[in-house]
Amino acid sequence: MKAFIFPGQGCQKEGMGKELFERYPDSRVFFERADACFGRSITNVMFHGFELELMETQNTQPAVFIYEVAAAMTQKSVRPDVVAGHSLGEFAALVVSGCLSFEDGLNLVLHRAIYGQEACDKTPTAMGAVIGLSDEYIERRIREIWDETGEPVYFANYNGPGQVVITGSKMGIRTALKRFKEEGAKKAVLLGIGGSFHSPYMAEAREKLGAIIEKTTFIEPCCPVYQCVDGKPHTNPDELKANLIDHITHPVLWTSMVRNMHSDGVDTYYEVGTDDTLQKIVARMCPESQVGSIWDLEDYKNLKYNTL
């Protein structure tokens, strides 16, 4: 069984999508439809914008979504048996599975970015990565640090055994990262992501985005979608919708998603993104599986420029 896996915010790069647009004419419809939905040229930001411009949340999240959907939908050599998206990547997974239309998915991503940024602007929060300590140890210690300092700290992402992201108040995250370094973490660093995604800090964003999700049409996907909130495969549109509403305030259970895909028979994983972040995690967890990039597929190996 084959899985397409979609990374989230953080995989953006200057020029993302430009080569795909120039080399693969079938991809252009997605970039053109995105610009029409935006009312401005988001593709110009993707193809020609500087890093700081692309790092702005209202540009980053749509750019990642557009790129991932275009890359997945315009290749023809492989269709996934299952799909899974990490955080923001879940929106691309839902579109590629056929559960959401491209325009509806983009609309949700646009509002997710807006409401998420509003939440970020209201409260000084931060996110940090911790590598080399067990999940159970970190869970216990963040509760203790919160009790000791009065500064909230939450789990945001379970990215793989011994690899997590925490989030909370800026002081809480700085304190926790300092403690984890002292306590033997291989790495404990502040991430360049403003805000406190996948935590209760996003409660207002959840309410606003949830109202839009409720009005959005979800249909039965052509393949199971493994979702972030429970790590399990879903095909029921009502379940998919309910889980997506909870998505922005709930930790990303990527570790469980990979374990469940593996136990369900997935043995080949193609990352639909600009780098190999998810590939590395899956390769460590499932060393016997075939893990690679969508760019390894025949459709993309020998593309020639075919500009208009």
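Among the residues of region 250-258, is any outside any loop (DSSP other than H, G, I, E, B), among the small types (Gly, Ala, Ser) and out of contact with any strand residue (DSSP E or B) (no Cβ under 6 Å at 6 or more places or on another chain)?
Initial filter on region 250-258 (outside any loop (DSSP other than H, G, I, E, B)): 252, 254-258.
Subsequent filtering for residues that are among the small types (Gly, Ala, Ser) retains 256.
Cutting the leftovers down to out of contact with any strand residue (DSSP E or B) (no Cβ under 6 Å at 6 or more places or on another chain) gives us 256.
Looking through region 250-258, at least one residue is outside any loop (DSSP other than H, G, I, E, B), among the small types (Gly, Ala, Ser) and out of contact with any strand residue (DSSP E or B) (no Cβ under 6 Å at 6 or more places or on another chain).
Number of residues in region 148-176 that are at negative phi and part of a strand (DSSP E or B): the value is 13.
From the set of residues in region 136-168 that are of a type in the set (S, T, N, Q) and either under 27 Å from residue 284 (Cβ atoms) or touching a Phe, Trp or Tyr at 6+ places or on another chain (Cβ under 7 Å) (or both), which is surrounded by the most Cβ atoms within 10 Å (Cβ to Cβ)?
Checking each candidate, the answer is 167.
Note on region 179-216: among residues that are closer than 18 Å to residue 136 by Cα and not in a loop (DSSP other than H, G, I, E, B), the one that is farthest from the chain's Cα centre (by Cα) is 182. No other residue among 204, 151 is touching a residue at least 60 places away in the same chain (Cβ under 8 Å), over 16 Å from residue 87 (Cα atoms) and of a type in the set (Asp, Glu) apart from 204.
Tell me which residues, restricted to region 97-138, are over 27 Å from residue 187 (Cβ atoms) and acidic (Asp, Glu). Those that are over 27 Å from residue 187 (Cβ atoms) and acidic (Asp, Glu): 103, 104, 118, 121. Among the numbered criteria (1) out of contact with any helix residue (DSSP H, G or I) (no Cβ under 6 Å at 6 or more places or on another chain); (2) at pLDDT 80 or above; (3) closer than 23 Å to residue 121 by Cβ, which single criterion is violated by residue 44? All conditions are met except number (3).
The values are calculated or read from the model by the stated rules, or taken from the named source; none is laboratory data. All values derive from a computational prediction rather than experimental measurement. Neighbour counts run over all protein chains shown; Cβ positions are idealised from the backbone, glycine included.
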